[in-house]
Amino acid sequence: MVNGMATGESSMDDEVFEVDGCRNLEVDGGHQRTTPSPTGYRDYKPPDEVLRLCETDHLDDTEYLVHKTILLGDSGVGKTSLLVKFDTGRFQSGNFSATVGIGFTNKVVNVDQTRVKLQIWDTAGQERFRSVTHAYYRDAHALLLLYDVTNKTSFDNIRAWLGEIREYAQDDVVIMLLGNKADAGVERAVRREEGERLAREYNVAFMETSAKSGQNVDLAFLAIARELKYRQSGQKDENRFNVQEYIHEKLTQHDSKPQQCPPCNT
Ligand SMILES: Nc1nc2c(ncn2[C@@H]2O[C@H](COP(=O)(O)OP(=O)(O)OP(=O)(O)O)[C@@H](O)[C@H]2O)c(=O)[nH]1
């Protein structure tokens, strides 16, 4: 859904989905606080109060840890939808318009009192844009590799994507495999266990997400931010943050939470 096209490292058409988000998503002891985002598309004009917030909230890049994260995967798996959901909290169903080229959104998250700026690049999944997007792999810190759980081919293509990643990205890039559209019911074509197995085989983190319901969307990006922050802090190996363990812990906490019953007045 990106508008416009980037043809190389230094040239980016100004129509490209290039937004510098002032929206902060703060995580404080598991409590999330969101502020509205001025990010959006060409004709979007943020409300005045949001612009004021951005002015006062502006920090120089040197005050952040800045990390480049790229969304990858076949066309139609939901890369743009996932990013838009994370950025704005919104999902537009049945509105598929394939991404053209590449563009980015900046998001700032707080990880244990450190501001981590994720520069999230949304790429076009279509084959014809591959040579453009390859150029962006090299300096990426993290890659979110998506398949669509309702589309077996997109899952089968993950091995080829991992091959490309090995060829073009840094050896130590953080990789997370995401089975998106987890909200799908009978249309599901890939079981969660298959995704887990593939992730184990390639030693990458894994979870299922839904840009539609919001399932695990924040968790995916926050886990990446956390991993990158801990990597940068150069923690000793024995104390190293483990992104897969972190995800497992969060998902288990979520699963074991008692279901809230509606207000019982009787
Ligand atoms: N049910 C469901 N539909 C989704 C989900 N995520 C995306 N979609 C739909 O899938 C279609 C493709 O989504 P996009 O986000 O444009 O896919 P993309 O990976 O960015 O595609 P390219 O830009 O071509 O690479 C759209 O119609 C979305 O509404 C999801 O989690 N659940």
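Since every read-out is calculated from the coordinates, none of them should be taken as a lab result. Please read these numbers as outputs of a predicted model, since none were measured by experiment. Note that each Cβ is placed from the backbone with ideal geometry, even for glycine, and that neighbours are counted across all protein chains shown.
Starting from the Cα of K152, move 7 Å in the Cα-to-Cβ direction to define the label point; list residues of the stretch 159-197 whose amide nitrogen is under 19 Å from there.
159-161, 179-182, 184-197
Each label point is 7 Å from the Cα along the Cα-to-Cβ direction; what then is the distance between the points at E196 and S233, in nm?
According to this spin-label approximation, the distance is 2.9 nm.
Can you classify the stretch 95-207 as rounded, prolate or oblate using the Cα gyration tensor, where a ≥ b ≥ c are the square roots of its eigenvalues, rounded means a/c under 1.5, and otherwise it's prolate if a/b beats b/c and oblate if not?
Note, shape of the stretch 95-207 comes out rounded.
Going down the table (K68/K229; K85/K107; K107/K250; K117/K181; K85/K212), which pairs top 19 Å between alpha carbons?
Exceeds cut-off: K107/K250; K117/K181.
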